[in-house]
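**Q** Please see the structure below; I have some questions.
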Amino acid sequence: MTDRRQLGLSGTEISLKPDEIIVTKTDLSGKITYGNRTFFKFAGYTEKECLGVQHNIVRHPDMPRVVFKAAWDTIQDGREIFAYVNNRSKNGDNYWVLAHMTPSRDANGKIVGYHSNRRAPDMKIVNETIIPLYNHYLQIERAAASPKDGLASAYADLQKMLAEKKQTFNEFTLSLGG
Ligand SMILES: Cc1cc2nc3c(=O)[nH]c(=O)nc-3n(C[C@H](O)[C@H](O)[C@H](O)COP(=O)(O)O)c2cc1C
């Protein structure tokens, strides 16, 4: 088994209070252009360390790639997405959020960047539904011959699950509640 410390993880989970909202904005390539104080508090980075840096600075190694593909596909297509995300702080702590991501447009409707708000999720939903589901996708992604194949297989599996449920990704996420 991989030593979690080798992945930069402390093993400590921290959580947002019900009235805390993490906000960030990015440019079209996903580089951070704005973060609120709550973002810097949870990420553990200063504003200077984050501005102009890819948002994967808070990526947690246990997040399946398929979730980020679904998110990017959706926002680049001009739509919003809701997704449960596990993030890693600079010191290796982790924190789960329910994220809403959306494109930002200029006066002509052109997408000029992206915007995300996150709040504390219901940890019962995270523990009982999201973690098992994400572990399932991680397993598919890691078992494949290449990262590309793994992502394609996980994506096909996700689409099959949604088709069986007759739900979109957002309908599925929001149907869980919390
Ligand atoms: C507005 C916006 C907010 C994002 N927020 C997060 C976030 O909180 N955590 C995260 O891991 N990725 C976030 N991402 C996705 C990252 O850009 C990236 O796709 C993800 O971390 C996967 O990184 P990787 O492709 O290097 O594996 C966000 C992207 C955008 C456009």
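The values are calculated or read from the model by the stated rules, or taken from the named source; none is laboratory data. Keep in mind that this is a model prediction, so the values were computed, not measured. Neighbour counts are summed over all protein chains in view; Cβ atoms, including those assigned to glycine, are modelled from backbone coordinates with ideal geometry. Each accessible area value is taken on the protein alone, full model and side chains, heavy atoms only, with ligands, DNA and RNA left out. Shrake-Rupley method; radii C 1.70, N 1.55, O 1.52, S 1.80 Å.
**Q** Restricting things to Cα coordinates, could you compute the convex hull volume per residue of region 64-166 in Å³?
**A** Details: hull volume 14.2 nm³, N = 103.
Cα-based convex hull of region 64-166, divided per residue, equals 138 Å³.
**Q** Over the chain, what percent of the accessible surface lies on carbon and sulfur atoms, probe 1.4 Å?
**A** 52 percent
**Q** Averaging sequence separations of C-alpha pairs under 8 Å and six or more residues apart, then dividing by the length of the chain, give the relative contact order as a whole percent.
**A** That works out to 23 percent.
**Q** Hey, could you get me the Stokes-Einstein D for the chain, Kirkwood radius over alpha-carbon pairs, 25 °C and 0.890 mPa s, rounded to whole µm² s⁻¹? If you can, show how the numbers build up before the last one.
**A** Numbers: Rh = 17.0 Å.
After rounding, the answer is 144 µm²/s.
**Q** Rule-of-thumb check for region 25-95: C-alpha Rg over 2.2 N^0.38 Å?
**A** 1.11
**Q** Also, I was wondering about something else. Between E47 and D73, 0.36 nm times their residue separation minus their Cα-Cα distance comes to what?
**A** Between E47 and D73, full extension yields an extra 6.6 nm.
**Q** Then there is this: Kindly work out what percent of the DSSP beta bridges joining two residues of the chain are antiparallel, to the nearest 5.
**A** About 95 percent, rounded to the nearest 5.
**Q** Sorting D106, D93 by accessible area (1.4 Å probe), largest first, what list results?
**A** Final ranking, largest accessible area leading: D106, D93.
**Q** What residue among A145, A99, A43 has the largest mean-square fluctuation in a Gaussian network model of the chain, using Cα springs under 10 Å?
**A** A145
**Q** As an exercise, use a Förster radius of 30 Å and the Cβ-Cβ distance of L7 and T129 to find the FRET efficiency, rounded to the nearest 0.05. Could the numbers behind the result be given before it?
**A** Working: r = 24 Å, r/R0 = 0.78.
After rounding, the FRET efficiency stands at 0.80.
**Q** Given the options V126, A83, F42, identify the residue whose Cα lies farthest towards the positive end of the charge dipole of the chain (+1 on Cβ of Lys, Arg; -1 on Cβ of Asp, Glu).
**A** Toward the positive end, the furthest listed residue is F42.
**Q** Given R₀ = 45 Å, what would the calculated FRET efficiency be for I14 paired with K110, taking r from the Cβ atoms and rounding to 0.05?
**A** Numbers: r = 37 Å, r/R0 = 0.83.
Between I14 and K110 the formula returns 0.75.
**Q** Are there GluC sites (Glu not before Pro) in region 28-126 that DSSP puts in a loop and that have at most 16 other Cβ atoms within 10 Å, and which ones?
**A** Those that pass, being in a loop and sparsely packed, are E80.
**Q** With every protein chain in place, what's the accessible area of I140 (1.4 Å probe, Å², nearest 10)?
**A** Here the residue's solvent-accessible area equals roughly 40 Å².
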